[in-house]
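Undergrad: Pasting a structure here, questions to come.
The values are calculated or read from the model by the stated rules, or taken from the named source; none is laboratory data. What you are looking at is a predicted structure, and each value in this text was computed from that prediction instead of being measured. Here the Cβ is made from the backbone with ideal geometry for all residues, glycine too, and neighbour counts use every protein chain on show. We work out accessible area using only protein heavy atoms, side chains counted, and drop any ligands, DNA or RNA first. Shrake-Rupley method; radii C 1.70, N 1.55, O 1.52, S 1.80 Å.
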Amino acid sequence: MDPKRFGTFKKFEANLTLIDSAHPACAKQFTPDGKYYADYSSTVTHGDPFGILSVTLDLYAPQGAPDHSCCTTDLFSKQGTCNLLHKPVKLTVDGTGPYCCPKGATEKEPCPKTLESPSEVVAAEMQGGKLAPSAAPCCKTCAPPLLKYYSVDVANGFCGEACMDPKRFGTFKKFEANLTLIDSAHPACAKQFTPDGKYYADYSSTVTHGDPFGILSVTLDLYAPQGAPDHSCCTTDLFSKQGTCNLLHKPVKLTVDGTGPYCCPKGATEKEPCPKTLESPSEVVAAEMQGGKLAPSAAPCCKTCAPPLL
């Protein structure tokens, strides 16, 4: 993080602390029950959706903690919240939480290997649970009563596929106009055309979209245009104005296989939207602080920081 922006981020994250000899990194920070936050979990970007005030960070879990990705943090600490989320078991994991977890969950196994009924499958899929790791698709097949739907998002360059309870289709359709049932007349993403005639055939990632409480959210597989170059350092230009790209410190506006437009770092081209070498420290700051991913999410981004970052 650029130390000049520490004060701004500190307002939103009270625990934000400079790592030094008196304040060691996560691997030496204690959990409530005396373990360390030593197990790398994932690399994520937190902040506003436009990347103006956002930061990419590595997340570390308590050492040896059981998988609890199907659970949702109970922000209100009330049992009613867990019931509302259809995750009735409230528990802690290595002293962290509390979490709302599916029926059958225990502290040793917060995510039961087998959900007990179709309604629990619906709850897990529709309300933020991850039934498969993000490195592999969640939705190649759908367990009844779920059906598979797709939606093409040209601006962001993806086609998404999700397993969804058909009873809730109307609700999600209000928020995602392109949401469509996959059938013989409406094929899956692999047969949907990009604006320049390719297919959305390359699996990219599995993500959960929706509200932060998991009440109205869905887990979906994202597919990119076949053979599209990496553009994870770019930000979708939702306002289609050059001023937006300048504000994001990503001055190059371009499209990728007809999708976009995107705001990309200086030196970007349509063939290489993310230049292998950013030209100055300020561009490193821009990429780190405003949504750029300098390392794949499967590996830590922040083991070391390039000056002027700390």
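Undergrad: Exactly one condition in (1) under 11 Å from residue 221 (Cα atoms); (2) without any contact (Cβ under 8 Å) to a residue 60 or more places away in the chain is false for residue 166; which is it?
TA: That leaves (1) as the condition not met.
Undergrad: Additional query: Would you mind telling me which numbered condition in (1) charged (D, E, K, R); (2) modelled with pLDDT under 90; (3) open to solvent by less than 60 Å² (accessible area, probe 1.4 Å) residue 221 fails?
TA: Of everything listed in (1) charged (D, E, K, R); (2) modelled with pLDDT under 90; (3) open to solvent by less than 60 Å² (accessible area, probe 1.4 Å), residue 221 misses just condition (2).
Undergrad: Give me a count of the residues in region 247-264 that are farther than 13 Å from residue 156 by Cβ and open to solvent by 40 Å² or more (accessible area, probe 1.4 Å).
TA: So the count comes out to 4.
Undergrad: Step by step: first the residues of region 18-41, then only those that are within 24 Å of the chain's Cα centre (by Cα) and surrounded by fewer than 17 Cβ atoms within 10 Å (Cβ to Cβ), then the one that is modelled with the lowest pLDDT. Which residue is that?
TA: 41
Residue-by-condition table, conditions (1) within 30 Å of residue 83 (Cβ to Cβ); (2) open to solvent by less than 40 Å² (accessible area, probe 1.4 Å); (3) at pLDDT 85 or above:
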residue	(1), (2), (3)
116	yes, no, no
121	yes, yes, no
126	yes, yes, no
157	no, yes, yes
166	yes, no, yes
202	no, no, yes
210	yes, no, no
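Undergrad: So which residues in region 218-269 are among the charged types (D, E, K, R) and either in contact (Cβ under 8 Å) with a residue 40 or more places away in the chain or part of a strand (DSSP E or B) (or both)?
TA: 221, 230, 250, 253, 257
Undergrad: Considering every residue within region 239-246, establish whether at least one is surrounded by 13 or more Cβ atoms within 10 Å (Cβ to Cβ), in contact with a strand residue (DSSP E or B) (Cβ under 9 Å, 6 or more places away or on another chain) and at pLDDT 70 or above.
TA: yes
Undergrad: Determine which single condition residue 234 fails, assuming it passes every other condition in (1) at pLDDT below 80; (2) surrounded by 15 or more Cβ atoms within 10 Å (Cβ to Cβ); (3) under 22 Å from the mean Cα position of the chain (by Cα); (4) of a type in the set (A, V, I, L, M, F, W, C).
TA: The number of the failed condition is (1).
Undergrad: Please tell me if residue 288 is in contact with a Pro (Cβ under 9 Å, 6 or more places away or on another chain), modelled with pLDDT under 90, surrounded by 19 or more Cβ atoms within 10 Å (Cβ to Cβ) and outside any loop (DSSP other than H, G, I, E, B).
TA: For residue 288, the condition - in contact with a Pro (Cβ under 9 Å, 6 or more places away or on another chain), modelled with pLDDT under 90, surrounded by 19 or more Cβ atoms within 10 Å (Cβ to Cβ) and outside any loop (DSSP other than H, G, I, E, B) - is not met.
Undergrad: Take residue 171 and tell me if it is over 17 Å from the mean Cα position of the chain (by Cα) and modelled with pLDDT under 90.
TA: yes
Undergrad: Which residues, taken from region 82-101, are over 26 Å from residue 38 (Cα atoms) and open to solvent by less than 50 Å² (accessible area, probe 1.4 Å)?
TA: 82, 85, 87, 89
Undergrad: Can you give me the number of residues within region 4-31 that are among the β-branched types (Val, Ile, Thr), in contact with a strand residue (DSSP E or B) (Cβ under 8 Å, 6 or more places away or on another chain) and in contact (Cβ under 8 Å) with a residue 12 or more places away in the chain?
TA: 1
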